[in-house]
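Reading through the structure tokens given below for one structure.
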Ligand code: IPM
Ligand code: MG
């Protein structure tokens, strides 16, 4: 297969971790007889430095012409980076939001898995961690508070800031379907998370999700209020299979879910639209504090590349080969600093990438 992959290396640890994911993709291409053409795309802080804006129209077009985009992470330290002296619409994050909207990437899939070999990294009590967990968060990505009108104005001497939270039934229906589809391939349970005791948008969310559920009689649906969900994630994460939720709640809950795995450096994510196209990126951020030191964990990005092979190219065998190689490296005791524990062998970013490549045969 010929794959046209756009690559956004991004800011902070982005370039280091993406380089390792590209090595792994090249190794897959070599072993399984595929060819890959990479196109470098600039987005976020790097694009601001070169083009003055976090995303240009040309870059968006180039992304559209790719079969899929692999991304590191964007953004810098909000206190020290000059990017954060720009107005909000010109900052690195605005580029990411425009890219999501411009490519209509409404479905954001974020798995949070507790790896058996990494149980010690889990911050939860042993009796909770011992039960293990394996969930995916299906987060709506192009609506809600992130994309409503916003303004800050002075009214009669009082400064008032406003952010609008809007959802239509069609937006809710398409993400709900994605949530149920993925549940059908898993343990057939959807927990739809909202704030229906307060918000109109949540009451509509609940109604539409219930309508969609009727088309999936094999899937068990439960509703959970977002504050309770935040609590349940640390109390009993085993109960979750698919968490289906709106943009803002999904942002917060996915960070929480990844934290309880104890290994955010391990978690991949995919942002998808109605086509085979997808944007694949690690769940973690750009970690500017450790950038350039060669110690960042590249596994989340490598697993994002595996998700890309599976969802955008239907290369299940190749995706599995990457996931197995990651499992083997962990089993053999190799760890980057973030997941290091007693008796294991600590290695850096490059060596982790190379070892994973070596396990792909
Ligand atoms: C994420 C990030 C982004 C978001 C930021 C960088 C705009 O936190 O992908 O979760 O809030 O969606
Ligand atoms: Mg986030």
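The values are calculated or read from the model by the stated rules, or taken from the named source; none is laboratory data. All figures in this text were calculated on a predicted structure; none of them were measured in a lab. Cβ coordinates were reconstructed from backbone atoms using ideal geometry, including for glycine residues, and neighbour counts include every protein chain displayed.
What the table below lists for this structure:
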| read-out | value |
| --- | --- |
| Complete set of residues in segment 101-134 that are in contact with a strand residue (DSSP E or B) (Cβ under 6 Å, 6 or more places away or on another chain) and within 16 Å of ligand 1 (Cβ to nearest atom) | 105, 107, 108, 109, 110, 111, 112 |
| Residue list for segment 144-174, restricted to those being under 12 Å from residue 204 (Cβ atoms) and loosely packed, with under 15 Cβ neighbours inside 10 Å | 166, 168, 169, 170, 173 |
| Filtered residue count, segment 81-115, keeping only those that are over 21 Å from the mean Cα position of the chain (by Cα), under 20 Å from residue 284 (Cα atoms) and either surrounded by fewer than 19 Cβ atoms within 10 Å (Cβ to Cβ) or in the same structural domain as residue 239 (by TED's automatic domain parsing) (or both) | 2 |
| Residues of segment 214-248 classified as over 14 Å from the mean Cα position of the chain (by Cα), in a helix (DSSP H, G or I) and either surrounded by 20 or more Cβ atoms within 10 Å (Cβ to Cβ) or in contact (Cβ under 8 Å) with a residue 60 or more places away in the chain (or both), total | 7 |
| Checklist (1) more than 16 Å from ligand 2 (Cβ to nearest atom); (2) more than 23 Å from residue 303 (Cα to Cα) applied to residue 92, failing item | (1) |
